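The values are calculated or read from the model by the stated rules, or taken from the named source; none is laboratory data. All figures in this text were calculated on a predicted structure; none of them were measured in a lab. Don't worry about glycine lacking a Cβ; one is built from the backbone with ideal geometry, like all the others, and counts go over all protein chains shown. Surface areas here come from the heavy atoms of the whole protein model, side chains and all, with no ligands, DNA or RNA. Shrake-Rupley method; radii C 1.70, N 1.55, O 1.52, S 1.80 Å.
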Amino acid sequence: MRSSNPVFSRRGFSRDNNGYAGFNAPPQAGGPAANPYAGTNPYAQPGNPYAQDAAQAAQAPSYAPQTGRMTMDDVVLRTGMTLGTVIAGAAVGWIFLTKSLGFAVAAGLIAMVLGFVQSFKRKPSPALILTYAAFEGIFLGALSGAINDLPKLSGAPMQAVMGTMAVFVAMLVAYKTRIVRVTARFTRYLLIAMLGFVLLSMVNMLFMVFGGGDGLGFRSGGLGILFGVVGVVLGALCLALDFKQVEDGIAYGAPREESWLAAFGLTVTLVWIYTELLRLISILRD
């Protein structure tokens with residue numbers, strides 16, 4: 001079972017030999033025998049001298065040097081750089097492209113292509129990830145500016161930003177306190193729900209393009225509100241999955257470069273949550 005976040009559907013972020021979703025399970029005292037989910041470390045290969053098995057990770061002191069391995073500081077730093085690039089691009093789009101949505105749509109398409117390219121690359125590319133973030137930011141900034149200019153929706157983008165921050169903090173707390181537990185079943189059901197949501201969105205878009213109006217009604221009225229809430233909830237659950245995969249990657253000695261992949265995945269999820277919140281707020285305030 002692969003992650004519902006496409007940027008994690010690659011080496012190290014997939015199913016291990018024992019069926020556990022995400023990285024292999026985090027190390028526990030007693031080594032692999034005490035952990036029913038512990039399989040082969042996806043980073044235990046000649047090219048990565050920093051990988052360790054469950055027993056090594058469990059016995060290593062918390063203050064052990066992490067040189068060459070991904071750490072939480074690396075993830076936070078790269079995520080900050082990626083989100084900072086999104087914000088800078090959003091400022092450009094808001095200031096210069098609010099009245100030129102054609103360019104904004106082009107930027108969004110470029111970001112989508114770059115995102116797919118990175119998703120299928122064997123190794124993360126910092127330049128590609130930051131370029132994706134810049135174009136994604138331009139698209140979001142122009143779209144948000146255009147929505148903010150509408151009298152009924154003035155201030156909606158800022159509400160969506162605050163809502164996205166609130167969802168992130170809430171899910172981080174829920175994950176750290178184990179209110180939300182990421183298991184194989186959790187991942188399986190989340191993937192099914194995400195695929196269904198995306199397929200319904202694509203069908204609705206096709207009806208909008210060829211039939212006009214609001215298509216199947218998933219983006220307005222009571223059904224639109226329900227659909228928006230479901231989208232936000234799915235995005236929030238994807239955050240929990242992202243947290244789990246980052247945590248396990250650190251525990252099993254992922255190379256430092258993988259922190260860029262973690263940053264990319266978190267950015268994709270946060271962009272998803274923001275766009276769904278913006279759409280939901282727009283429906284509620286219209």
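Within the bounds of the stretch 112-119, is there any residue that is buried (at least 21 other Cβ atoms within 10 Å of the Cβ) and either under 18 Å from the mean Cα position of the chain (by Cα) or assigned to a helix (DSSP H, G or I) (or both)? Yes, the conditions are met somewhere in the stretch 112-119.
In the stretch 197-214, is there at least one residue being under 16 Å from the mean Cα position of the chain (by Cα), within 18 Å of ILE273 (Cβ to Cβ) and touching a residue at least 24 places away in the same chain (Cβ under 8 Å)? Yes; the residues of the stretch 197-214 include at least one that is under 16 Å from the mean Cα position of the chain (by Cα), within 18 Å of ILE273 (Cβ to Cβ) and touching a residue at least 24 places away in the same chain (Cβ under 8 Å).
Scanning the stretch 233-243 for residues being out of contact with any Ser or Thr (no Cβ under 9 Å at 6 or more places or on another chain) and open to solvent by 20 Å² or more (accessible area, probe 1.4 Å) gives a total of 2.
Scan the stretch 72-111 residue by residue and report those that are open to solvent by 30 Å² or more (accessible area, probe 1.4 Å) and not in a helix (DSSP H, G or I). Correct list: LEU97, LYS99, SER100.
Okay, residues lined up against (1) among the aromatic types (Phe, Trp, Tyr); (2) open to solvent by 60 Å² or more (accessible area, probe 1.4 Å):
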position: LEU128; (1), (2): no, no
position: ALA134; (1), (2): no, no
position: MET162; (1), (2): no, yes
position: TYR175; (1), (2): yes, no
position: PHE186; (1), (2): yes, no
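Checking the conditions here, which among ASP214, ASP242, ASP248 is over 27 Å from THR82 (Cα atoms) and among the acidic types (Asp, Glu)? Going through ASP214, ASP242, ASP248 in turn, just one is over 27 Å from THR82 (Cα atoms) and among the acidic types (Asp, Glu): ASP214. Among the residues of the stretch 181-228, write down those that are more than 30 Å from ASP248 (Cβ to Cβ) and part of a loop (DSSP other than H, G, I, E, B). Once the filter is applied, which keeps residues that are more than 30 Å from ASP248 (Cβ to Cβ) and part of a loop (DSSP other than H, G, I, E, B), the stretch 181-228 yields GLY212, GLY213, ASP214, GLY215, LEU216, GLY217, PHE218, ARG219, SER220. Scanning the stretch 74-130 for residues that are among the polar types (S, T, N, Q) and touching a Gly at 6+ places or on another chain (Cβ under 8 Å) yields THR85, THR98. Return yes or no: is LYS123 surrounded by fewer than 23 Cβ atoms within 10 Å (Cβ to Cβ), assigned to a helix (DSSP H, G or I) and among the charged types (D, E, K, R)? The answer is no for LYS123. Restricting to the stretch 247-268, count the residues that are part of a helix (DSSP H, G or I), open to solvent by 10 Å² or more (accessible area, probe 1.4 Å) and within 25 Å of PHE120 (Cβ to Cβ). Qualifying residue count for the region: 5. Determine whether the stretch 225-232 contains at least one residue that is open to solvent by less than 10 Å² (accessible area, probe 1.4 Å) and within 19 Å of TYR175 (Cβ to Cβ). Within the stretch 225-232, none of the residues are open to solvent by less than 10 Å² (accessible area, probe 1.4 Å) and within 19 Å of TYR175 (Cβ to Cβ).
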